[in-house]
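Accompanying notes for the structure given below.
The values are calculated or read from the model by the stated rules, or taken from the named source; none is laboratory data. Since the structure is predicted, the reported quantities are computational estimates derived from the model, not experimental observations. For neighbour counting, all protein chains shown are included, and Cβ atoms are generated from backbone atoms with ideal geometry for every residue, glycine included.
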C-alpha cells in the first residue's frame with residue numbers, strides 16, 4: 001500500500017512543506033490518468049498524518065497526475081469585502097475575513113489573542129492574506145499557520161515538545177551552518193512550532209517515496225523564518241494593488257456631529273466608514289452638522305484600527321463652527337492692525353457700554369435746568385458713553 005494517498009489515490013512520490021508561519025503546501029505525483037481538482041484529503045502512513053487542502057494546480061500525463069495542494073481552502077488570495085468596524089473584537093473581523101475567503105479559524109486558537117478588543121478596524125478590498133498579516137501586527141505580532149485539518153490557528157507560540165526521542169529517529173544529515181537536519185522517521189508526526197531535542201522547529205519538509213524523510217529547519221537560525229515568511233508574502237501579493245494604510249485618501253462627508261464624521265471614500269477598495277475621529281486642524285475649534293465636501297482619511301501609524309479624518313475642503317458646508325479663544329482672536333495680515341475681534345463674546349463688550357449708558361441716564365435725571373445739559377457731570381458721562389459706543393461698534397462678535 002502507498003505511503004501517501006490523496007482522495008484514496010496512490011501517491012507515487014511527493015514533498016510536503018509545513019512552515020511555522022503560513023500555509024503548508026504539497027507537490028505530488030499521483031497514480032491517476034485524470035487530473036485531480038477541488039478539495040482533497042491526504043493520508044500519510046495509514047493516517048499518522050492527515051492533511052486537508054485544495055488543489056491549486058494540476059495536470060495529467062501518461063497516467064500520472066501532477067498536483068499542487070494548498071492548505072485549507074486556498075482562499076487567502078481572495079479579495080476581501082471592504083468593511084469598517086467600530087468597537088469590535090479581532091475574532092469578529094477574522095470571522096468575516098475567513099468567511100469571505102472560504103477559510104475557517106481553528107477552535108484551538110489563543111483566545112487571549114483572537115478575542116482582543118479593537119477600537120476600530122478598516123478592511124479594504126485587497127487579498128485576505130494581506131489583511132490577516134496587518135491584523136496580526138496590530139495584535140502584537142502573533143503567529144499563525146494552517147493546521148493539518150485545514151483550519152487557521154492564531155496565537156502565541158508555546159513550543160511544546162514534539163515527543164520524538166533519539167531512539168525514534170535516524171539522523172541522516174546535519175548542517176549546523178545552514179541550520180537544518182535530515183531525519184529518517186517511522187511516522188510523519190513532527191510539526192513546526194514544537195521542539196526537537198531542545199531546539200525550536202521552524203519548518204519541516206517531508207519527502208515521501210517508499211520511505212519518509214524529514215528536512216527540519218530550526219528557529220535559532222535567524223534567516224530561516226524570514227525566508228519562509230517572504231515566500232508566503234510573495235504568494236499572496238496577487239494582481240490586486242495594495243491599499244497603503246500610511247497614505248491619505250479623499251472621502252466625501254456624509255454626516256458629521258461632535259468629534260466624529262461619517263464618510264464615503266472615493267477609492268472603491270475602501271468601505272463607507274462611520275464614527276471616524278475628526279481632526280479639524282485648528283486648536284480649540286469644533287464643527288457641527290457638516291455635510292458634503294471632502295476630507296482626507298488616514299490611519300495613525302499605518303494601523304487599520306486607528307482611522308482618522310482631517311482637512312475639510314472649501315466646498316464643505318458647516319452649520320456651526322466654534323473657536324474656543326481665551327483672550328483675543330486677530331483677523332488680518334497686518335502686524336500693526338488693530339484686532340477685529342477684541343472680545344470672546346458680545347456680552348464681554350456690552351458691560352462697559354451698559355455702565356456708560358446708565359451713568360448718562362442718571363446724569364440727565366439730576367440736571368436742574370433742562371436747557372443746560374452740559375454740566376461737568378453730564379460732560380463726563382457723555383464722554384464715557386461716546387467712547388464705549390465707539391468701542392462696541394468696532395467689535396465683530398456673535399451673541400452671548
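Before moving on, here are some points about what is shown:
Table: residues versus (1) in a strand (DSSP E or B); (2) in contact with a strand residue (DSSP E or B) (Cβ under 6 Å, 6 or more places away or on another chain); (3) surrounded by fewer than 18 Cβ atoms within 10 Å (Cβ to Cβ).
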{"position": "243", "(1), (2), (3)": "no, no, no"}
{"position": "247", "(1), (2), (3)": "no, no, yes"}
{"position": "252", "(1), (2), (3)": "yes, yes, yes"}
{"position": "269", "(1), (2), (3)": "no, no, yes"}
{"position": "277", "(1), (2), (3)": "yes, yes, yes"}
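- Qualifying residue in the stretch 153-160 (condition: in contact (Cβ under 8 Å) with a residue 40 or more places away in the chain and farther than 22 Å from residue 193 by Cα): no
- The stretch 152-176, residues that are touching a helix residue (DSSP H, G or I) at 6+ places or on another chain (Cβ under 9 Å) and not in a strand (DSSP E or B): 156
- Considering 209, 195, 158, 189, the condition of being under 12 Å from residue 18 (Cβ atoms) and surrounded by fewer than 18 Cβ atoms within 10 Å (Cβ to Cβ) is satisfied by 189 alone.
- Failed criterion for residue 82 (all others in (1) touching a strand residue (DSSP E or B) at 6+ places or on another chain (Cβ under 7 Å); (2) buried (at least 18 other Cβ atoms within 10 Å of the Cβ); (3) free of Cβ contacts under 8 Å to residues at least 60 places away in the same chain hold): (3)
- When each of 305, 300 is tested for being under 20 Å from residue 90 (Cα atoms), surrounded by fewer than 14 Cβ atoms within 10 Å (Cβ to Cβ) and outside the structural domain of residue 90 (by TED's automatic domain parsing), the lone residue that passes is 300.
- Evaluated against (1) crowded, with 17+ Cβ neighbours inside 10 Å; (2) without any contact (Cβ under 8 Å) to a residue 60 or more places away in the chain; (3) not in a strand (DSSP E or B), residue 181 falls short on exactly one condition, (3).
This table checks each residue for (1) over 25 Å from residue 143 (Cα atoms); (2) more than 32 Å from the chain's Cα centre (by Cα); (3) without any contact (Cβ under 8 Å) to a residue 24 or more places away in the chain; (4) surrounded by fewer than 15 Cβ atoms within 10 Å (Cβ to Cβ).
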{"site": "2", "(1), (2), (3), (4)": "yes, yes, no, no"}
{"site": "5", "(1), (2), (3), (4)": "yes, yes, no, no"}
{"site": "12", "(1), (2), (3), (4)": "yes, yes, no, no"}
{"site": "21", "(1), (2), (3), (4)": "no, no, no, no"}
{"site": "28", "(1), (2), (3), (4)": "yes, yes, no, no"}
{"site": "33", "(1), (2), (3), (4)": "yes, yes, no, yes"}
{"site": "37", "(1), (2), (3), (4)": "yes, yes, yes, yes"}
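- Boolean, residue 203 is within 20 Å of residue 71 (Cα to Cα) and surrounded by 15 or more Cβ atoms within 10 Å (Cβ to Cβ): yes
- For the stretch 279-297, taking the residues that are assigned to a strand (DSSP E or B) and surrounded by 14 or more Cβ atoms within 10 Å (Cβ to Cβ), the one that is nearest to the chain's Cα centre (by Cα) is identified as 297.
- When the criteria are applied in full, residue 305 meets the requirement of being under 28 Å from residue 281 (Cα atoms) and at pLDDT 75 or above.
- In the stretch 39-53, the residues that are surrounded by fewer than 18 Cβ atoms within 10 Å (Cβ to Cβ) and either farther than 15 Å from residue 208 by Cβ or assigned by TED's automatic domain parsing to the domain that holds residue 99 (or both): 39, 41
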